[in-house]
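*Asks:* Below is one structure. I have some questions about it.
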Amino acid sequence: MLLEQLINGLTLGSIYAIVALGFTLVFGVLGIINMAHGEIFMVGAFVGVMTTGVLGWPLWLAFIASIVVTGILGYLLERMTLRPLRGKKGVSHLAPLISTIGVSILLENLSHHIFGAGNKPFRTEFAEISIEIGSVSIYIVQIVIFVISIVLMIGLSVWLSKTKAGKALRATAENLETASILGVNTKKIITLTVIIASAMGGIAGILVGMAFNSVSPQMGLAIGLKGLAIIILGGMGNVKGAMVGGLILGLSETFLVAYGDSGYRDAIAFIMIIFILLLRPQGIFGSKIAEGR
Amino acid sequence: MLKLSNVETYYGQIQALKGIDMEVQEGKIITLLGANGAGKSTTMKTIAGLLNPKKGTVEFLGEKVTALRPDQLLRKGIALVPEGRAILSSMTVLENLEMGAYHRKDKAVKAEIEEVMQRFPILKERQSQMAGTLSGGQQQMLAIARALLSKPKLLLLDEPSMGLAPLIVADIFNIIKEINSAGTTVLLVEQNAKQALKIADYGYVMETGKIIVEGNAADLLTDPRIVEAYLGRKSTSEQELVKEGN
């Protein structure tokens with residue numbers, strides 16, 4: 001029982017971590033909360049439903065389709081709603097936040113219009129298959145989700161720490177001006193960051209669809225708020241914080257449902273934030289000194 | 001190699017540069033002096049592309065480079081070490097150096113990073129530490145070393161001696177001389193006017209957004225106006241100064 005709950009918690013937590021990574025990357029580089037991230041995630045989930053359910057594509061192709069669609073959405077988000085507001089005189093620092101809220105409303109209503117209001121099932125051929133190890137049964141879906149998330153997290157960490165583009169992203173996140181005098185085309189890096197974050201949202205969308213076997217136009221808001229909670233928990237803009245925060249939230253939600261009152265499941269994220277912020281206002285991995293911007 | 005003609009830069013409504021004309025000759029050390037708020041850093045930022053002038057032109061190697069982005073200017077050979085050093089404190093010393101060579105694709109980068117670390121042994125010793133943990137002097141060395149790795153033709157140094165102990169300041173000035181004799185042109189902004197004029201070939205003095213005096217460094221060192229305003233001595237002690245200046 002305990003081991004099963006642990007596996008459930010890790011599966012859920014690793015999805016949360018992927019969602020939170022999308023938030024934290026954009027926040028790190030642009031210093032804004034991308035309120036459209038949850039809805040981009042939802043679009044990714046619907047791409048998964050449509051390609052596997054309606055078109056009958058294999059799952060790996062659904063992932064690629066979702067990455068492409070959400071990546072393009074990320075590009076459009078940056079080009080049409082964020083870049084026009086950047087570096088202009090007289091633009092409030094809240095303006096990009098508001099425009100991402102606008103995008104989130106647009107995407108939610110658009111998919112409401114196209115796909116209808118109800119929940120759509122997300123069928124995978126191995127949804128009901130599980131393996132028994134002793135008294136513990138593990139669903140293949142859980143393994144797939146967990147493995148994809150871990151690979152994604154490790155891949156992102158390695159990319160950020162070892163590659164030229166990854167280092168340029170970190171430099172841009174630390175200081176836009178410094179990165180630019182070192183020869184980084186910061187415009188390009190910002191666009192790249194929003195695209196990568198959105199594509200990760202798309203992947204997370206499919207993973208959530210698989211995990212809960214249900215996709216709806218409203219799912220973006222709930223998961224978006226949780227992603228937000230996680231990056232506050234882990235430290236704004238901190239990659240490690242997003243991963244650890246996601247796992248903590250996933251595990252604590254699962255254990256609360258298993259051993260406590262399931263009615264409080266969604267409250268736990270926010271109760272946790274209150275406590276963490278009382279004890280460590282900068283988040284678990286956040287630095288004490290706020291970046292100067 | 002660098003020529004500013006009638007450059008005017010604004011911060012919003014406030015005019016910081018009121019028509020700057022200056023020229024930097026290849027192979028020289030040129031220094032830009034002046035009190036706080038005179039517009040020295042603004043001039044440097046305008047040259048490096050961090051600020052766009054409202055009027056006037058910046059020419060580099062005979063080409064108009066006004067309003068290019070900093071990363072484009074770096075590729076043309078202008079590297080800036082900004083005021084306050086601007087190291088990437090959450091990245092390691094080695095990563096900072098690697099970022100210095102960001103735009104380069106040649107194979108020599110690794111060997112050159114090694115070379116730079118030989119020259120600044122403290123950077124080698126601390127290469128895997130976060131750059132934010134270095135002392136002020138070490139950070140300045142890192143910032144200069146990082147800028148050199150971009151192989152600039154023109155190095156812009158904005159107050160490299162700021163907030164450093166006198167011994168380290170002397171070190172920094174020696175390094176600047178070395179860099180220059182290795183073939184890099186240097187434009188140096190300094191509060192420490194005496195030290196700067198000692199190593200420079202030519203100097204400009206700014207006041208409230210304008211250049212008020214220019215001339216050979218040796219002449220400026222003995223110019224009574226400069227001595228009184230920027231070298232912190234009365235003109236009567238000029239004699240002593242000349243002796244020191246040699």
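Taken together, the values in this text are just the output of simple stated rules run on the coordinates, not laboratory data. Predicted model only: the values in this text are computed from it and were never measured. When we count neighbours, we look across all protein chains shown, and the Cβ atoms used for this are built from the backbone with ideal geometry, even at glycine.
*Asks:* Please compute the average number of Cβ atoms from other chains found within 10 Å of each residue's Cβ in peptide B:87-100.
*Replies:* Working: counts 3, 10, 5, 8, 5, 1, 0, 0, 4, 4, 0, 4, 10, 2.
Going residue by residue through B:87-100 and averaging, the value is 4.
*Asks:* Report the FRET efficiency, 1/(1 + (r/R0)^6), for residue A:154 and residue B:36, where r is their Cβ-Cβ distance and R0 is 51 Å, rounded to 0.05.
*Replies:* 0.55
*Asks:* Just report the Cα centroid separation between the range A:204-224 and the range B:20-65, whole Å.
*Replies:* When both Cα centres are located, 54 Å separates them.
*Asks:* For the range A:1-99, take N as its residue count and report Rg(C-alpha) divided by 2.2 N^0.38 Å.
*Replies:* Taking N as the residue count of the range A:1-99, the ratio is 1.35.
*Asks:* Grab every C-alpha pair in the protein assembly as shown, bin the distances at 10 angstrom width from 0 up to the longest one, and report whole percents.
*Replies:* Spelled out per bin, shortest first, that is 4, 16, 23, 20, 15, 11, 7, 3, 1, 0.
*Asks:* List the GluC sites (Glu not before Pro) in the range A:103-179 that DSSP assigns to loop (not H, G, I, E or B) and whose Cβ has at most 15 other Cβ atoms within 10 Å. Which are they?
*Replies:* Passing sites in the range A:103-179 are A:125, A:128.
*Asks:* Given 25 °C and 0.890 mPa s, compute D for the range A:19-71 with the Stokes-Einstein relation, Rh being the Kirkwood radius over Cα pairs; round to the nearest whole µm²/s.
*Replies:* 208
*Asks:* Please average, across the residues of B:42-54, the number of beta carbons from any other chain that are within 10 Å of each residue's own beta carbon, and give a whole number.
*Replies:* Averaged over the peptide's residues, the number is 1.
*Asks:* Quick check on chain A: helices-only [θ] at 222 nm, where DSSP H runs of length 4 and up contribute -39,500 (n - 2.57) each and the sum goes over total residues. Nearest 500, please.
*Replies:* Computed mean residue ellipticity for chain A: -23000 deg cm²/dmol.
*Asks:* Then there's this: Would you mind computing, in nm to one decimal, how far apart the modelled labels at residue A:55 and residue A:214 are, each placed 7 Å from Cα along Cα→Cβ?
*Replies:* 2.6
*Asks:* Kirkwood hydrodynamic radius for the range B:15-153: how many Å is it when counted over pairs of different Cα atoms?
*Replies:* Across the range B:15-153, the inverse of the average 1/r is 16.4 Å.
*Asks:* On to the next question. Charges at C-beta only: +1 for Lys and Arg, -1 for Asp and Glu. How large is the resulting dipole of the range A:13-221 about its Cα centre, in Debye rounded to 20?
*Replies:* Its charge dipole is roughly 900 debye.
*Asks:* Mind listing the long-range amide H neighbours of residue B:207? Cut-off is under 5 Å, sequence gap 5 or more, other chains count too, H placed in the peptide plane at 1.01 Å from N.
*Replies:* B:212
*Asks:* Over the C-alpha atoms of the range A:27-156, what are the Rg and the largest Cα-to-Cα span, Dmax, in Å?
*Replies:* Here Rg and the maximum Cα pair distance are 18.4, 65 Å.
*Asks:* For the range A:92-228, what is one quarter of the convex hull surface built on the Cα atoms, given in nm²?
*Replies:* Averaged projected area of the range A:92-228's Cα convex hull equals 11.5 nm².
*Asks:* Assuming R0 = 60 Å, what is the FRET efficiency of residue B:13 and residue B:122, from their Cβ-Cβ distance, to the nearest 0.05?
*Replies:* Result of the calculation: an efficiency of 0.85.
*Asks:* Normalised by the empirical 2.2 N^0.38 Å for globular proteins, what value does the Cα Rg of the range A:149-232 take?
*Replies:* Ratio of Rg to 2.2 N^0.38 Å for the range A:149-232: 1.31.
*Asks:* On to the next question. So how much slack lies between residue A:80 and residue A:6, counting 0.36 nm per residue of separation and subtracting their Cα-Cα distance, in nm?
*Replies:* Details: separation 74, 0.36 × 74 = 26.64 nm, distance 4.25 nm.
Separation in residues times 0.36 nm, less the Cα-Cα distance, equals 22.4 nm.
*Asks:* Take the Cα pairs of chain A, get the Kirkwood Rh, then feed it into Stokes-Einstein at 37 °C and 0.692 mPa s and tell me D in µm²/s.
*Replies:* My calculation gives 169 µm²/s for D.
*Asks:* Over every pair of different alpha-carbon atoms in the range B:2-245, take the mean of 1/r and invert it; report that Kirkwood radius in Å.
*Replies:* 18.5
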